[in-house]
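Working notes for the structure below.
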Amino acid sequence: MKKLWPIILTVCVLLAVAVALQLPCGQSAHKDQPLVPVPEYSYKVIHAYPHDPGAYTQGLVYLNGFLYESTGQNGRSSLRKVRLETGEVLQQINLPREYFGEGIAILKDEIIQLTWQSRKGFVYSLSDFRLLRRFSFTGEGWGLTTHGSDLLMSDGSSEIRILDGRTLREKRRIKVRDGELRITQLNELEMVDGQIFANVWQTDRIARISPQSGKVLGWIDLQGLLGPMYRMETDAVLNGIAYDPASKRLFVTGKLWPRLFEIKLVPKSNN
Ligand SMILES: [Ca+2]
């Protein structure tokens, strides 16, 4: 019995140390660590450009010096090519009244456009907006962007669908979470240097999301970008992200906003 005492003593000391270090037997230290908040970013306005205040922006893409924009609402839905510097609409087709336009993306020489609740999408020729074909999907259509040869699509939930860019068929989905929290109402999308940027409907916030894991890697707070005096309608919320990868220019606007902004992200000081 005497010989057991050193062993019991050693075990007790080890247990005491484990408790002190919050390392209970059989559990990892990682599980007990508090969640570290992801970095937050504010913004600096580089340029403010005119934007059609009648455009209920639902999709925004930058390509070769021009913006391509999809607008929503039944009877006011359209696809547009817009001159960045002036906001001038250079080319436009209007959707039949039955369709409510949503996100757009450009793959090669085609523009893909979603509609909200009609479960239909359209594919147009980039050069002349000629309708090439239609496609179907389940649920609602919200935001759209490209990732290589795939498309990423939001539907108002916390999931982002990955579609084959050629067949437009769904391949899989990623679940978007900030720590343990599901992030819902993901709306307009843009792929920015390997991360999905998604603005959250009815907020001034954009989530930066890993396309591999769905993990939120950061938050962009655009509060105050458009002053309240311009927000004449409650619908006039942030919705529109476009990116010029060559010049690393990030553009944002909103539904019925009279301005479109080029912004630079600024890490918040509490990061
Ligand atoms: Ca976009």
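Just so it is clear, none of the values below were taken in a lab; they were calculated from the coordinates. Given the structure is predicted, the values throughout are model-derived calculations rather than measurements. Using ideal geometry, Cβ is built from the backbone for each residue, glycine included, and neighbour counts are taken over all protein chains shown.
When the listed pairs 248/268; 44/120; 120/255; 171/264; 108/255; 175/255 are checked against a 32 Å cut-off, the alpha-carbon distance exceeds it for 44/120; 171/264.
Rounded if a/c is under 1.5, else prolate if a/b is larger than b/c, else oblate: which is region 54-267, with a ≥ b ≥ c the root eigenvalues of its Cα gyration tensor? It comes out rounded by the Cα gyration axes. What the Cβ-Cβ distance of residue 149 and residue 269 gives, at R0 = 35 Å and to the nearest 0.05, is a FRET efficiency of 0.30.
Computed over region 54-267, relative contact order equals 14 percent, with contacts defined as Cα pairs under 8 Å that lie 6+ residues apart. The trypsin sites (Lys or Arg not before Pro) found in region 165-230 that occupy coil by DSSP, while having at most 15 further C-beta atoms within 10 Å, are 166, 169. Available extension along the chain between residue 74 and residue 136 is 20.4 nm, counting 0.36 nm per residue and deducting the alpha carbon span. Relative contact order of region 152-230: 22 percent, from C-alpha pairs under 8 Å at least 6 residues apart in sequence. Among the GluC sites (Glu not before Pro) within region 36-99, those in coil by DSSP and having at most 14 neighbouring Cβ atoms inside 10 Å are 85, 88, 98.
If R0 is taken as 35 Å, the Cβ-Cβ distance between residue 181 and residue 127 corresponds to a FRET efficiency of 0.20. If the segment from residue 203 to residue 246 were pulled out straight at 0.36 nm per residue, it would be longer than the present Cα-Cα gap by 12.6 nm. For region 54-267, a simple Cβ point-charge model (Lys and Arg +1, Asp and Glu -1, everything else neutral) yields a dipole of about 420 debye relative to the Cα centre.
With 0.36 nm allotted per residue and the present C-alpha distance subtracted, the residue 213-residue 193 stretch has 5.6 nm of extension available. Annotation for region 162-262: GluC sites (Glu not before Pro) lying in DSSP loop with at most 16 further Cβ atoms inside 10 Å of their Cβ are 180, 233.
Placing dummy labels 7 Å off each Cα toward the beta-carbon, the span from residue 63 to residue 117 is 3.0 nm.
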